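Input: a single structure, listed below in structure tokens.
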Amino acid sequence: MTMTEIGLWFLTGYAIGSVPVGFLVGRLQGIDIRRYGTGNIGASNVWRNLGFLPAALVGPLTFAQGVGPAWAAAWLTGSPWNVAGAAVGSVVGYGWSFLLHFHGGSAVGTATGALAAISPPGLVPLLGLYAMGGVLRQPAPGVLLGLISFVVYMVVSRRPTQLLAASALIVGLVVLKRLDGVLDDLRTGDRAARILVGRLLFDRRPGQRLTGRND
């Protein structure tokens, strides 16, 4: 294992994660999905604005963008460092795609796939809290708690330090995406604490202005 090898796996993950599947599916139907609903290129926004079948394509492919590179690194090298590099790279790629001028989606689906490759048993609490958030009609808090629960599982189960660090970084990247454009929101004059809580906990983006159908 060398830094060069880790870097190559990171770049592999980044390249695969950078493919904007939701954007491409929207283009096939003649629209820019970024201008509809939440503006996200993920499966949820695609479902609300294009329908179930396009979302059924986007969702699994987005998940595969996360799980594929990390799983390949584990299978081909067995190195936790390489798995960590590929997993983090795929999430960075999805959130900051060079094909979309270093913009991208919320990266939840890709992050979930990357975490699945890092430790499949950790998906039990993660998906359980995702489901709870869906049942309570509060998906954003459910996602955040699910991601945090995965990191807690990694600590409790004493997984390799490299994989624990990668998991924590991936969760941090998803949180960072929730803060995307927050400075514009803070200029609206609303209270900063209210805006930050709304962004971090509920993924609410009051500063966003989009056209098309509502999400």
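The values are calculated or read from the model by the stated rules, or taken from the named source; none is laboratory data. As the structure is a computational prediction, the values presented were derived from the model and not from experiment. Backbone-built Cβ (ideal geometry, glycine too); neighbour counts: all protein chains shown.
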Among the listed residues G95, G59, identify the single one that is under 27 Å from M154 (Cα atoms), surrounded by fewer than 21 Cβ atoms within 10 Å (Cβ to Cβ) and within 15 Å of the chain's Cα centre (by Cα).
G59
Please give the number of the condition R35 fails out of (1) surrounded by fewer than 21 Cβ atoms within 10 Å (Cβ to Cβ); (2) free of Cβ contacts under 8 Å to residues at least 60 places away in the same chain.
(2)
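So which of G78, G105 ends up being crowded, with 24+ Cβ neighbours inside 10 Å and either modelled with pLDDT of 95 or more or out of contact with any Leu (no Cβ under 6 Å at 6 or more places or on another chain) (or both)?
Selected residue: G105, the only one of G78, G105 that is crowded, with 24+ Cβ neighbours inside 10 Å and either modelled with pLDDT of 95 or more or out of contact with any Leu (no Cβ under 6 Å at 6 or more places or on another chain) (or both).
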For residues that are among the polar types (S, T, N, Q) and under 13 Å from the mean Cα position of the chain (by Cα), scanning just segment 108-144, find the one that is surrounded by the fewest Cβ atoms within 10 Å (Cβ to Cβ).
T112
Residue set G42, G13, G68; condition within 19 Å of V171 (Cα to Cα), at pLDDT below 95 and buried (at least 20 other Cβ atoms within 10 Å of the Cβ); output residue G42
Hey, can you tell me all the residues within segment 35-51 that are in a loop (DSSP other than H, G, I, E, B) and of a type outside the set (V, I, T)?
Y36, G37, G39, N40, G42, G51
